[in-house]
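Before any comments, here is the structure.
Values quoted throughout were computed directly from the atomic coordinates according to the rules given, and no laboratory measurement underlies them. Just so it is clear, the model here is predicted, and its values are computed rather than measured. Counting neighbours? That spans all protein chains shown, and the Cβs are built from the backbone with ideal geometry, glycine included.
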Amino acid sequence: MKFGTKVIHAGIAPDATTGAIMTPIFQTSTYAQAAPGQHKGYEYARTQNPTRSVLEKNLAALEEGRYGICFSSGMAAMDSIMKLLHPGDEIISTNDLYGGSYRLMTKIYEKFGIKAHFLNMGDIEAVKARINDKTKLFWIETPTNPMLNIIDIEKTCALARDYGILSCVDNTFASPYLQTPLTMGADMALHSATKYLGGHSDVVHGAIVVKEEKLAEQLYFIQNAAGAVPGPQDCFLVLRGIKTLHLRVERACQNAERIAHFLLGHPKVSKVYFPGLPNHPGHDIAKKQMRHFGAMVSFDLVDNQYAAAEKVLSTTHLFTLAESLGGVESLISHPASMTHASIPREERLKVGLTDSLIRLSVGVEDVEDLIEDLDKALQ
Ligand SMILES: *Cc1c(COP(=O)(O)O)cnc(C)c1O
C-alpha cells in the first residue's frame, strides 16, 4: 500500500457491528465480562480501547513499524521512553531541540540520576567521542527546532546500533509523510500528534512507533502502568486528521518553499533557515532522507533586536502569533520567549537562536496571501 492509501485504510475497517464507516468513539471506561476473565480482549480502558487500537495500528503502518503506542501528549510519549532508563544512564541529545524535551531531560530526569549531553548531532565524530558505557539513548530531532538543522538519521542510528544504544527520532517536524526513521535504522519514532498528524490544532496527543516486539512490550507496559493514555475522542480526532496528512503536508511544503525564497530576497531579513535552500548545510542529507523539506521556516532580522521581532510578530494577520505548529493555518512564533524560553539564553545563543529569530509554521492557505502578509509586517 502506498502512503496516500495507508492514511485512509491501514488498520481501519468499517465497524463490525454497525458498518459505521468512521471508527466509533468508544467512550467507555470498562467492558462487560461473561464470566471472570472471559472477555473480548478488552478489560479496562486504560489498558485497551478500540478507538485507540485502530489509531495505533494506523500509525504503525504510516511509520513502517509494527507497533504503535499512543499517549495523552507528545511529552507523555517521551516521558514513557525516559522510563526505559535507569539511574546512572546517559543520553546523547541534539543541542537544538524542542524546549519541552530539554526541560523533561534536565528538570525532571536529572534528579533521578539520568544525565543528558546536548551536542550538535550533525557532527558524528563529536557524538562518537561522547559515547561511554553508560550511554543508553540517542535522542535525535530532525529537522531541529527551531534552527532546522538536519541530522543524518541512517548514520547516527547505525552508530547507536554498533554500541547497543537505543535510538529515538522525534519525527514531529517531518511527519511520516516526509520521513520514516524506522526504515533508516531508528528503534523508535516519536510524534507529538498535536502537530501534523492531528493537523487541525484541535487536539493534544502523542505516539511512539517501534518495530521490535520486546521494546513494544516494554512501552505498552509503561503505557498501562503509568497511565498517560489518550481519551477515545482524541484518538478519533487524530485518526480523522491523518486521512488528509499527505495532502496537507504536500501543500504546506510547497508554500514553505515559496516563502523561504521570498524571505531570502527581502532587505529586512538577514538569514533564512530552511533545509530546502541549496546553501543550507543539511540540504543534501535532507534530500536523501526526506520526501520534501518540511513546512517550517525560521528567519532572522537585519535589525537583530527583540523589539524588531516583536513588531513583525504582532503585525501579521494571517500568520497568527501562537505556539505549536503543523495545523492547516499558518502560525508565527518567537522561540526565545515562547517555545524555547526554558532553555538558558547562553545555550540558545550558542546555536544561533537569537532574540530576533522568528519561526513560521506554514499552513495550507494560498501562498500569495501569506507572502503579502509577511511583506507588510516586514515593511
Ligand atoms: C510539540 C512538540 C513536542 C511535545 O508534544 P506535546 O503534544 O505538546 O506534548 C515534542 N517534540 C516536538 C518536536 C514538538 O514540536
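Brief remarks follow.
- Between segment 146-179 and segment 249-268, the alpha-carbon center distance in angstrom: 25
- Residues of type aspartates and glutamates that Lys134 reaches as a straight line, Cα spacing below 17 Å, ignoring anything fewer than 8 places off in the same chain: Asp89, Glu90, Glu110, Asp162
- Among Thr194, Ala77, Phe221 the positive-end extreme of the charge dipole of segment 3-242 (Cβ point charges): Phe221
- Bridgeable lysines around Lys195 (alpha carbons under 16 Å apart, same-chain partners fewer than 8 residues away excluded): Lys243.
- Sorted ascending by nearby beta carbons within 10 Å, beginning with the fewest, Phe26, Phe71, Phe173 become Phe26, Phe173, Phe71.
- Under a model in which nothing but the beta-carbon of Lys, Arg (+1) and Asp, Glu (-1) is charged, segment 80-148 shows a dipole of about 300 debye around its Cα centre.
- Fluctuation leader among Ile153, Ile140, Ile165 - the chain, Gaussian network, Cα springs under 10 angstrom: Ile165
- Semi-axes of the equivalent ellipsoid for the chain, computed as √(5λ) from the eigenvalues of its C-alpha gyration tensor and ordered from largest down, come to 34, 26, 18 Å.
- Across segment 173-184, rounded Karplus estimates of 3J(HN,Hα) from the backbone phi angles (6.51 cos²θ - 1.76 cosθ + 1.60, θ = phi - 60°) give 5, 8, 6, x, 5, 8, 7, 10, x, 5, 6, 10 Hz, Gly and Pro being marked x.
- The charge dipole of the chain, taken about its Cα centre with unit charges on the Cβ atoms of Lys, Arg (+1), Asp and Glu (-1) only, comes to about 660 debye.
- Folded to 0 to 90 degrees: helix 367-378 orientation relative to the chain principal axis, Cα: 50
- Ranked by how many other Cβ atoms sit within 10 Å of their own Cβ, fewest first, the residues Thr354, Thr17 fall in the order Thr17, Thr354.
- The phi-based Karplus calculation (6.51 cos²θ - 1.76 cosθ + 1.60; θ = phi - 60°) puts the 3J(HN,Hα) values of segment 75-88 at 5, 5, 5, 5, 4, 5, 5, 4, 6, 6, 8, 10, x, x Hz, whole numbers, x for Gly and Pro.
- A straight chain from Leu84 to Glu154 at 0.36 nm per residue would run longer than the Cα-Cα distance by 22.9 nm.
- Each part reduced to its alpha carbon centroid, segment 1-55 and segment 283-351 end up 38 Å apart.
- Here His39, His334, His317 are placed in order of increasing Cβ neighbour count within 10 Å, fewest first, which gives His317, His39, His334.
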